[in-house]
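The values are calculated or read from the model by the stated rules, or taken from the named source; none is laboratory data. Every value quoted in this text rests on a predicted model; they were computed, and no experiment measured them. In this analysis, Cβ positions are derived from the backbone assuming ideal geometry, glycine residues included, and neighbour counts consider all displayed protein chains. Quick note on the areas: whole protein, heavy atoms, side chains included, nothing else; ligands and nucleic acids left out. Shrake-Rupley method; radii C 1.70, N 1.55, O 1.52, S 1.80 Å.
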Amino acid sequence: MQYISVEHQKAISERYKLASIIVIAFCVTVVAFIIIARFIEPPEIVPGSERLIAIVPIVVIVMTMAAIILRRAWMSAVVLGVAARKGVNAVLNRLVQMTVVCAALSEMVAIVGLMFYILTANYRYGLILNLVSLMLLFYTAFPRRGEWERAVGAAANARA
């Protein structure tokens, strides 16, 4: 366990709380998409939307892998190492940016699900994509306090 000064712990707490609120807001919007889709009835099936049944899963898999790979690359020593040389605030800024970008990519899956439901009038696909989006939000976007403390500890040691 690394020593983290009180000043850095306060900075972590503030940014961690902000990032958590942002991710929870994204989760609320995904749940709102599920509720909205439940209460609206698409007027008619859009002609040609049958082709989407083969395309949408591929798009969702690509966006899911992009969110996971982006998070892994962002948390890598190379990317955080550059920020660590600039200081603790740069590391915390990078971590908050990572949270917002991964949350946005995860919510795009939910938006695709809502659009797919409106085009095809098949609620099941929209619901599945919204649930995938929620899982992605919790796996890739939700901040992990331990990782943040390790990154800040490494940045503080690099500056010392």
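Quick look at the values:
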quantity	calculated
Degrees separating the helix 88-120 axis from the principal Cα axis of the chain, which is the longest one	10 degrees
Residue (of I61, A155, I36) at the positive-pole extreme of the chain, dipole from beta-carbon charges	A155
Computed FRET value (nearest 0.05) for Y123 with K86, which takes r as the C-beta separation and R₀ as 45 Å	0.40
Average Cα contact separation per residue, the chain, under 8 Å, 6 or more apart, as relative contact order %	38 percent
Cα principal axis extents for the chain, largest first, Å	64, 27, 22
Karplus-derived 3J(HN,Hα), 6.51/-1.76/1.60, for each residue of region 59-76, Hz, glycine and proline x	4, 5, 4, 5, 5, 5, 5, 5, 5, 5, 5, 4, 5, 4, 5, 5, 7, 5
Peptides 48-61, 11-24 ordered by average Cβ neighbours within 10 Å, highest first	11-24, 48-61
Portion, in percent, of the accessible area of region 31-91 that falls on carbon or sulfur, probe 1.4 Å	74 percent
Positive-end residue of V91, S49, V109, charge dipole of the chain with Cβ unit charges	V91
Charge dipole (debye, nearest 20) of region 44-160; +1 at Cβ of Lys and Arg, -1 at Cβ of Asp and Glu	640 debye
Backbone HN-Hα couplings from phi across region 5-22 [Karplus 6.51/-1.76/1.60, Hz, Gly and Pro as x]	5, 4, 4, 6, 5, 5, 5, 4, 4, 5, 5, 5, 5, 4, 5, 5, 5, 4
Within the chain, helix-based [θ] at 222 nm, where runs of 4 or more DSSP H residues each add -39,500 (n - 2.57), nearest 500	-28000 deg cm²/dmol
Sulfur and carbon atoms: percent of accessible area, region 106-160 [1.4 Å]	68 percent
Solvent-accessible area per residue, Å², over the chain with all protein chains present [probe radius 1.4 Å]	57 Å²
Helix 77-86 vs. the chain, principal-axis angle (Cα, 0 to 90°, nearest 10)	50 degrees
FRET efficiency for V46 and M135, using Cβ-Cβ distance with R0 set to 35 Å, rounded to 0.05	0.80
Extension gain from V31 to V62, taking 0.36 nm per residue of separation minus the Cα-Cα distance	8.9 nm
